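The structure under discussion appears below in the form of structure tokens.
The values are calculated or read from the model by the stated rules, or taken from the named source; none is laboratory data. Here the structure is a predicted model, which means the values were calculated and not measured. All Cβ positions, glycine included, derive from the backbone under ideal geometry; neighbour counts span all protein chains shown.
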Amino acid sequence: MRVLEVNDAGLRLSDGAQVLATEPGFASVSGDQIIVGERARQLARRSPQLSHSRFWYQLDQTPLERPLSRVRHTADLAYWHLRQLREAAEGQPLMLAVPSSFEADQLGLLLGLCRAAELGAVGLVDAAVAAVAAGAAGTPASAPGVVLHVDVQLHRVWLTRLAVDAAVVRGAGHDLAKPGLVSVWDAAATVIAEAFVRQTRVDPLHSAASEQALYDALPDWLAQLSRSPVASLALTVGGRSHRISLARDAVVVALNPLLTRITQALRADVAAAPDAQVMLSDRAAAIPGLIEALTTALGTGPQVLTPLAAAQGALRHRALIQTGAEALPWVTRLPAAARAARIAAMAPVPSGCGVLMWWPSLVSPTPSTQPSAVS
């Protein structure tokens, strides 16, 4: 059994013990060539006119303004992105952990895409519910009360409100800020490029190749800055290596507009539930300065969930999520305790959450074999 966490910051495939594959939500399309995932991200700055990163955020079957022979709409790109994980899935059945930002029709489309990509989806669970049900480091979730789960996607920072008692029950969700991870990267890239200009007189943003090299290095650099107040950053430009020293505070200052939007929006949620506990996904916690900003604004530090939290929560409650039904119920309620108590775990199946049949653009099913949508 595998768990696929659907987040365009990176589709994350896991067996609960380790992350088996992560593919960010990028695609590069040129003629009949479609490149997706990490390879496409590495081309995004070199060939921005060919790059797409909003296909999960805008997942639907509305025709693109400039459709190509193999890409008619965003669902086509999502299909190729899912196919990228087929080998890593090794034919194992999948439970899908999906954020509450997905609409019912998008869920049906997702299930159809998984079927077309030959990924055997056997369960569907809310990602925040699964993560909080697992708790940090595999411990039970929080004490009874309200949990505000914060996660980041490429183009949004998303909050899910959860009620925790005998069960973790999903409530409403909403945007805290837009855009999401792309704005973190862009702000950090600008600060780092300016530091290279000041300290080495080399501008990494001068050419597409060096700009891409800077963006490729960003995840490691931000990880360094999360561990240390000052980091030494090296970048090769024109065959020569250049090194700078950068203070973490410089990046945090650049991110202050985003951090302010997040904390101000979250204050309203906390005001409605004063004893609420804030939990951050590992992706959200990696935003430089976010933990400190929330601690200052709310008076207490957030809890940070592990990268495996959603997968471990889903696998722990596998019996309540996995089903042989064709139209998968979206599980939005799980036991809060470590034991998988037999409580009602299934949310009512939203209209349109069945499998929406779909084929990639290069396939033309004959009328006699093309099924209709299953509701």
H155 meets each of (1) touching a strand residue (DSSP E or B) at 6+ places or on another chain (Cβ under 9 Å); (2) closer than 30 Å to E103 by Cα with one exception, condition (1)
Is there a residue being touching a Gly at 6+ places or on another chain (Cβ under 8 Å), farther than 19 Å from A195 by Cβ and in the same structural domain as W158 (by TED's automatic domain parsing) anywhere in region 252-261? yes
With the requirement that a residue be surrounded by 16 or more Cβ atoms within 10 Å (Cβ to Cβ) and either among the hydrophobic types (A, V, I, L, M, F, W, C) or not in a loop (DSSP other than H, G, I, E, B) (or both), what does region 46-62 give you? L50, S51, H52, F55, W56, L59
Which one of the conditions (1) under 18 Å from P99 (Cβ atoms); (2) modelled with pLDDT under 95 does A265 fail to meet, given that it meets all the rest? (2)
Here is a check on your reading of the model: is R70 in a loop (DSSP other than H, G, I, E, B) and either without any contact (Cβ under 8 Å) to a residue 40 or more places away in the chain or among the basic types (K, R) (or both)? yes
When the residues of region 321-332 are narrowed to those that are buried (at least 22 other Cβ atoms within 10 Å of the Cβ) and not β-branched (V, I, T), which ends up nearest to L94 (Cα to Cα)? L328
How many residues are free of Cβ contacts under 8 Å to residues at least 60 places away in the same chain and part of a helix (DSSP H, G or I) if we restrict to region 146-196? 8
